Amino acid sequence: MFSEFRLKMLNREASSTKNKSSTIIEHLNLKNGMVVADIGSGGGYFACKFAKKVGKEGQVYAIDVNQKSLDYIVRNLEKERINNVKTILAQPQGIDLPEKVDLFFLRNVFHHLFEPVKYFKSIGKFLEDKGKIAIIDYQKKKFSFTGLFGHYTPINILLDVLDSAGFYPLEKEDFLQDQLFVIFAKKGD
């Protein structure tokens, strides 16, 4: 389980200039009124940033398997007076949303998914026809925490899983050091 200290550290890491959060958000091309689902929200850094981008007409869902993370996010939303974020406790088998979304965002989450093809097929039903899935995950580095403990995703695995789930790579970004960043769309669009 995550402590409040750990959640603060996750937000500090996400906001670090080396992790280029502003550039990530810019590449997502968020617009006023969009609906965004932040899967694996952690401390809520991106959910809060997305909320400001989609405006009062938009909606953000901060989704996590850890209730303490969601409670932490709620406290921060209240401090920031952000009203367009709803938290959702995810279950190991997937999520349930009250509406379709324009964007699913997963940062450093993919390598934790137990059955990723099944998972992406299940969330696909909540994605608008022209919606996108943005995935950021670590690439393997031999002598690093991510490499030693399997906290990474090879690009070929990511592409194969999303292909099997019914998505194709729309954009591949290369501005993140040690991480892949791919935006997917539904096949047939």
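The values are calculated or read from the model by the stated rules, or taken from the named source; none is laboratory data. This is a predicted model, so every value here is computed, not measured. Don't worry about glycine lacking a Cβ; one is built from the backbone with ideal geometry, like all the others, and counts go over all protein chains shown. Side chains are part of the model used for accessible areas, which takes the heavy atoms of the whole protein and leaves out ligands, DNA and RNA. Shrake-Rupley method; radii C 1.70, N 1.55, O 1.52, S 1.80 Å.
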Residue within the stretch 73-93 that is in a strand (DSSP E or B), in contact with a Gly (Cβ under 7 Å, 6 or more places away or on another chain) and touching a residue at least 12 places away in the same chain (Cβ under 8 Å) present: no
From LYS20, LYS8, residue being modelled with pLDDT of 70 or more and among the charged types (D, E, K, R): LYS20
Cβ pairs under 9 Å, 6+ apart, first in the stretch 158-176 and touching a residue at least 24 places away in the same chain (Cβ under 8 Å), second among the small types (Gly, Ala, Ser) and open to solvent by 40 Å² or more (accessible area, probe 1.4 Å): GLY166/GLY188
Those residues of the stretch 53-70 which are out of contact with any Asp or Glu (no Cβ under 9 Å at 6 or more places or on another chain) and either among the charged types (D, E, K, R) or assigned to a strand (DSSP E or B) (or both), in sequence order: LYS53, LYS56, GLU57
Selected residue [closer than 19 Å to GLU128 by Cβ and in a strand (DSSP E or B)] from ASP38, ASP96: ASP38
The lone exception for ASN29 - which of (1) open to solvent by 80 Å² or more (accessible area, probe 1.4 Å); (2) within 25 Å of TYR138 (Cα to Cα); (3) modelled with pLDDT under 95 it fails: (3)
Of all residues in the stretch 41-52 being small (Gly, Ala, Ser) and assigned to a helix (DSSP H, G or I), the one that is surrounded by the fewest Cβ atoms within 10 Å (Cβ to Cβ): ALA51
